[in-house]
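Chemist: Just passing along the structure, written as structure tokens.
The values are calculated or read from the model by the stated rules, or taken from the named source; none is laboratory data. Source: prediction; values computed, not measured. No Cβ is skipped: glycine too gets one built from the backbone with ideal geometry, and neighbour counts run over all protein chains shown.
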Amino acid sequence: MLKIGEFSVLTQVSIKTLRYYDEVGLLKPARLDLGSGYRYYSASQVPRLHRILALKDLGFPLDRIAKVIEEGVTADALKGMLMLREVEQQARVLEETERLARLRARLRLIEQEGIMAGEVVLKDLGPQWIVSLREVIPGFRTIGTLFGKLSGTLEARWRYMAWQRRSSTTRSSRTRTSTWK
């Protein structure tokens, strides 16, 4: 039997972690001295601890690890769990990659604002047309679809404005023609 400190050195797992695993029922000591409260582990518990650490390293939560170890899942079931975990991790990586892209964009914006800080000029402008498009997109990478929609909206608006100008010009020229006579 190994005292908790010896077992900790042997397995390179902290005493605090071993106590926590005992507390949650994941790895109980082989023997507990009721008088001193010392926890004793056996060398036969090392493989179980290694399975716990391997699954933890793969990102499984401790409650799921406890189920896997207690139920003794088959290789196929473990493979299915690992494939599911892989999909979860890929989604996380994609989410974090998108977050990193947004962070970099903000940093570039801050750098540009820092460069342009001394060059601010305020001007009064006449009325202007503003076009906006608001839509929820699944991710930053799909923002390009919004540009296509915005472009189509702008093109339709410009055609309408050109038609209005032609119509008003035609009406004005008719009016001028009649007044010049």
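Chemist: Please go through (1) within 31 Å of the chain's Cα centre (by Cα); (2) assigned to a helix (DSSP H, G or I); (3) surrounded by 10 or more Cβ atoms within 10 Å (Cβ to Cβ); (4) modelled with pLDDT of 75 or more for Leu133 and return the number of the only condition it doesn't satisfy.
Modeler: So Leu133 meets the others, but not (2).
Chemist: Okay, next question. For region 7-60, what are the residues that are over 20 Å from Met81 (Cβ atoms) and either touching a Pro at 6+ places or on another chain (Cβ under 7 Å) or among the β-branched types (Val, Ile, Thr) (or both)?
Modeler: Once the filter is applied, which keeps residues that are over 20 Å from Met81 (Cβ atoms) and either touching a Pro at 6+ places or on another chain (Cβ under 7 Å) or among the β-branched types (Val, Ile, Thr) (or both), region 7-60 yields Val9, Thr11, Val13, Ile15, Thr17, Asp22, Arg39, Tyr40, Tyr41, Val46.
Chemist: Taking region 15-43 as the search range and keeping residues that are closer than 24 Å to Arg64 by Cβ, of a type outside the set (A, V, I, L, M, F, W, C) and not in a helix (DSSP H, G or I), which one is farthest from the chain's Cα centre (by Cα)?
Modeler: Only one residue tops the list, namely Tyr41.
Chemist: Quick one: in region 109-123, of everything that is loosely packed, with under 10 Cβ neighbours inside 10 Å and either closer than 18 Å to Ile143 by Cα or among the charged types (D, E, K, R) (or both), which residue is modelled with the lowest pLDDT?
Modeler: Of everything passing the filter in region 109-123, Glu119 is modelled with the lowest pLDDT.
Chemist: When you go through Glu135, Glu86 one by one, which is the residue that is over 30 Å from Leu58 (Cβ atoms) and of a type outside the set (Lys, Arg)? If you could, list the steps in order and put the result at the bottom.
Modeler: Details: Glu86 fails: over 30 Å from Leu58 (Cβ atoms).
Checking each option against the conditions leaves just Glu135.
Chemist: What pairs can you find where one residue is in region 140-167 and within 22 Å of Arg106 (Cβ to Cβ), the other is part of a helix (DSSP H, G or I), and their Cβ atoms are less than 8 Å apart, with a gap of 6+ or different chains?
Modeler: Phe140/Glu98; Phe140/Ala101; Phe140/Arg102; Arg141/Glu98
Chemist: Okay, next question. Can you give me the number of residues within region 129-168 that are among the basic types (Lys, Arg) and closer than 30 Å to Val93 by Cβ?
Modeler: Initial filter on region 129-168 (among the basic types (Lys, Arg)): 134, 141, 149, 157, 159, 165-166.
Now restrict to residues that are closer than 30 Å to Val93 by Cβ: 134, 141, 149.
Within region 129-168, residues that are among the basic types (Lys, Arg) and closer than 30 Å to Val93 by Cβ number 3.
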